[in-house]
């Protein structure tokens, strides 16, 4: 009984509080979702697909999809992209669907450093299948009649949104800052106003060469990285490391801020340990990761499964071989 009460509280909270954005543990495998500045961060075209199933032990919990395409035009130092995302939660299938158009511009500061501002325009739709829900006035009655809540709910709404970011990077280091929901759109399905809160993201890292190979595709690298996100009163910090030796990639992450922030008495800010295995060869990268829940919900959620696929094509091979050409050194997963 305690387990199902906990699950019920989780689902009610997901529907009642101001919305928080969905996330990917493999956030660098969803680069344009992380930051518009990462649009066109290759020497040609790129297609990405991401899938996340969070807390599968909870019926109809959280499922997120993302599909993206981008291309870098070297003659105008610009990246263009399109991003489609859909997030669905709960038995009522509370869903948010986004279609976004992204742009970034690359600026050479000096021999070592470049900066890349970017922005994204989104068209969003939020919907709820409230006929799949049971309200209190239906429980009191026969359970077969329509609820009074139906008259106050909109089955779907549409709104516009805007995100912006900036990225600085060199051959071994990178750091970025992003702002999502700058317009603060109203995303309420009721008549009341519910503003989508601003999300701030700070990310960065360093790529270290452990063993260098004469072949450009060889070598062994270790990459340290972090991602901090803040939205409304919620904060999250991801700290991790990637080990890469072609074609294998292994990664491990910790998510939480246990010593600096508590949301309630007795609740440490520990969320998950994430383990990743990836396979990268030529133009294709495939990754799988699993989140081990380490919070007090450890026995109730089933963790989270995540799969990513990245395909690079139409790459300028001559540009890739140039030593002066610097690609953003962040990981692919």
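What follows draws every value from the coordinates through simple rules; no lab data is involved. Just so we're clear, the structure is a prediction, and the values are computed from it rather than from any experiment. Because the Cβ atoms are built from the backbone with ideal geometry, glycine has one as well, and the counts that use them run over all protein chains shown.
If R0 is 45 Å, the Cβ-Cβ spacing of residue 257 and residue 76 corresponds to a FRET efficiency of close to 0.65. Each label point was placed 7 Å from the Cα along the Cα-to-Cβ direction; for residue 235 and residue 91 their separation is 3.7 nm. By other beta-carbon atoms within 10 Å, ranking 63, 200 with the fewest at the front produces 200, 63.
Between residue 307 and residue 20, the contour length at 0.36 nm per residue exceeds the Cα-Cα span by 101.2 nm. Label zone of residue 282 (point 7 Å out along Cα→Cβ, amide N under 16 Å): in the stretch 302-317 this covers 310-317. Here the residues 169, 190, ranked from fewest to most Cβ neighbours within 10 Å of their Cβ, fall in the order 190, 169.
Model label points for residue 67 and residue 175, set 7 angstrom from Cα along the Cα-to-Cβ axis, are 3.8 nm apart. Estimated from the Cβ-Cβ distance and a Förster radius of 41 angstrom, the FRET efficiency linking residue 194 and residue 113 is about 0.50.
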